[in-house]
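Asks: Take this structure, written in structure tokens, and hold onto it; I'll ask about it next.
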Amino acid sequence: MSIRNPDQRVGVFVDVQNLYYSARNIYNSRVNFNEVLKGALGDRKLIHAIAYVVQADMPEEHTFFEALEKAGFEVKAKELQTFAGGHQKGDWDVGIAMDIIKLMNKLDVVVLASGDGDFVPLLEYLQMTGQLTETIAFGKSCSGKVKELTDHFIDLDEDPKRFLMPIKGNHKPAAKGFFGNRKPETK
């Protein structure tokens, strides 16, 4: 159930990698992060919007990161780590959780843009403190527990034309994107 009003102070925290791979795997499309921010915010007061990205040293990622900044996001980036044997890792789960905990006292509503089940303990903690939470994610790839714990779930699958953009010149899902080989986690 949504309890939205224009006086609410909102923080939006976007797990770009999770939304990116969900859009890629489900729709073979890109996420329209401008619309994600608008959908998360509504007519409320934006206090902080952070997009968490993983750098994979691909030429087009700089343009993508600039577009996120133009949309109104602070962009926090970390490098993709490659381990012996070629395994790659690059996620922001702990960083996102820490930023939310640090900023929650300045916010009326925390909006998490991710369907990753790793955020269940964070949502449980926020619920325990009385913090209003909303999650915006693709329902088809979102953890059921995340949907259950959040005060309001915004399903990007309900309006794909609004939240997705076609991948230019690509008719098949790519094995690699801006974020290596990682798939969204839904646990």
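Asks: Looking only at the range 1-60, count every residue that is at positive phi and surrounded by 15 or more Cβ atoms within 10 Å (Cβ to Cβ) and tell me the total.
Replies: So the answer is 2.
Asks: Shifting gears a bit: Which residue out of 68, 80 is under 17 Å from the mean Cα position of the chain (by Cα), under 24 Å from residue 94 (Cβ atoms) and either of a type in the set (A, V, I, L, M, F, W, C) or surrounded by 14 or more Cβ atoms within 10 Å (Cβ to Cβ) (or both)?
Replies: 68
Asks: Does residue 19 satisfy the criteria of being touching a residue at least 24 places away in the same chain (Cβ under 8 Å), hydrophobic (A, V, I, L, M, F, W, C) and in contact with a helix residue (DSSP H, G or I) (Cβ under 9 Å, 6 or more places away or on another chain)?
Replies: The answer is yes for residue 19.
Asks: Under the condition of being in contact with a Lys or Arg (Cβ under 8 Å, 6 or more places away or on another chain) and not in a helix (DSSP H, G or I), which residue from the range 83-100 is surrounded by the most Cβ atoms within 10 Å (Cβ to Cβ)?
Replies: 92
Asks: Sticking with this one: What are the residue pairs meeting all of these: first residue in the range 154-166, first residue under 17 Å from residue 114 (Cβ atoms) and free of Cβ contacts under 8 Å to residues at least 24 places away in the same chain, second residue not small (Gly, Ala, Ser) and not in a strand (DSSP E or B), Cβ atoms under 9 Å, and 6 or more apart or on different chains?
Replies: 155/138; 155/140; 155/142; 155/147
Asks: Looking only at the range 40-82, how many residues end up being of a type in the set (D, E, K, R) and outside any loop (DSSP other than H, G, I, E, B)?
Replies: Of the residues in that region, 9 qualify.
Asks: Then there is this: Kindly list, by first and then second residue, each pair from a residue in the range 96-119 that is within 17 Å of residue 75 (Cα to Cα) to a residue that is at pLDDT below 95 and not small (Gly, Ala, Ser), limited to pairs with Cβ atoms under 8 Å and residues at least 6 apart or on different chains.
Replies: That search, which allows pairs on different chains as well, returns nothing.
Asks: Right, something else. Could you tell me which residue of the range 118-133 is farthest from residue 20 (Cα to Cα), considering only residues that are crowded, with 18+ Cβ neighbours inside 10 Å and not charged (D, E, K, R)?
Replies: So, considering only residues that are crowded, with 18+ Cβ neighbours inside 10 Å and not charged (D, E, K, R), the one farthest from residue 20 (Cα to Cα) is 131.
Asks: Under the condition of being of a type outside the set (Gly, Ala, Ser) and either at pLDDT below 95 or in contact with an Asp or Glu (Cβ under 9 Å, 6 or more places away or on another chain) (or both), which residue from the range 31-46 is nearest to residue 15 (Cα to Cα)?
Replies: 35
Asks: Tell me yes or no: at least one residue of the range 32-45 is closer than 20 Å to residue 133 by Cβ, among the basic types (Lys, Arg) and within 18 Å of the chain's Cα centre (by Cα).
Replies: Yes.
The values are calculated or read from the model by the stated rules, or taken from the named source; none is laboratory data. Computed from a prediction, not measured in an experiment: that's the story for all the values here. Cβ sites come from the backbone with ideal geometry, for glycine too, and all protein chains shown count toward neighbours.
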